[in-house]
Amino acid sequence: MRYQTDRSRVHGLGSAKTGTAHFWEQRISAIALVILTPLFVFPLAYNLGGSFDEVREAYAHPLNAIVAIAFIVTAMLHLYQGLQVVIEDYAGGRWELFLLIATRLMCSLFALTGVFAILKIAFTA
Amino acid sequence: MANVNQGNRPLSPHLQVYRMPLNAVMSITHRATGVGMAVSAMLITWWFLSAATSEEYFATANGFMTSWLGDIIMFFSMLGIWYHFCSGIRHLVWDTGSGLGQRRVKRSGIAALICAAALSLITIIIA
């Protein structure tokens, strides 16, 4: 016997209230990262440890700058989505609430900081 | 319930003596590398911010990133991201419903480990 009401069944959102939205968004960011990760990591490995001017010149190049911005934004979104699942799995009650809020704020802050840094390098180097 | 065999019944797998299959270890490692890379992301953002700020600040951040501690963190971050990358592609394939048989899971697990090692080696050569 079904305990769901006809209305909740037709909405198809289940007990999480948001249906498959989180799952789907996480796959989208994962697919984006499959493309962006090699494009970001290889140049980063090359430039890490370079001089101030070398690093600025490298990331002032539009291709590096756009890839870096796209990677930082997508990676921070994906990091939040992943940490959210981990927190929901292992934490409960007030801790869960606190960690979810703190994680979201931190990931947003680091995404903004990264984008600001790359843009400033790109426009001033 | 008088004839119940009390002493010789099979036990369900006990966590401390259960030898975890490769795939279980890989699943946990996927999570661990994902969480761990939060630290890498913060350090790299800091490094970019320093390059956007001033030469002195960059010397500080770059100095840490190229110190022995920074090198160790970046080395493990690099292993972590390539592992998570290869393992993640497996998860994306599984999400389509394919590659889920016992033999294929084992084979793709070993393939992911080899790919992650190869990508790490390329990264080390570039760096």
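Coordinate-derived values only; no laboratory data. Keep in mind the model is a prediction, meaning the values are calculated, not measured. Positions of Cβ are backbone-derived with ideal geometry, glycine not excepted, and every protein chain shown enters the neighbour counts.
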Okay, helix-only estimate at 222 nm for chain A: each DSSP H run of n ≥ 4 adds -39500 (n - 2.57), divide by all residues, round to 500 deg cm²/dmol; what do you get? -28500 deg cm²/dmol
About its Cα centre, the protein assembly as shown carries a charge dipole, from +1 on Lys and Arg Cβ atoms and -1 on Asp and Glu Cβ atoms, whose size in debye to the nearest 20 is 1400
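Only four residue types carry charge here, +1 at the Cβ of Lys and Arg and -1 at the Cβ of Asp and Glu. Report the dipole size of region A:20-124 about the Cα centre in Debye, rounded to the nearest 20. Don't skip to the answer; put the middle values down first.
Numbers: 5 positive and 7 negative charges, 30 e Å.
Charge dipole of region A:20-124: 140 debye, to the nearest 20.
Run the numbers on chain B and let me know its relative contact order in percent, using alpha-carbon pairs under 8 Å that are six or more apart. Show your work: numbers first, answer last.
Details: 65 pairs, mean separation 35.6, N = 127.
Normalised by residue count, the contact order of chain B is 28 percent.
Given an 8 Å cut-off on Cα distances and at least 6 residues of separation, report the relative contact order of region A:1-113 as a percent. It would help to have the intermediate numbers written out before the result.
Values: 52 pairs, mean separation 28.1, N = 113.
Relative contact order of region A:1-113: 25 percent.
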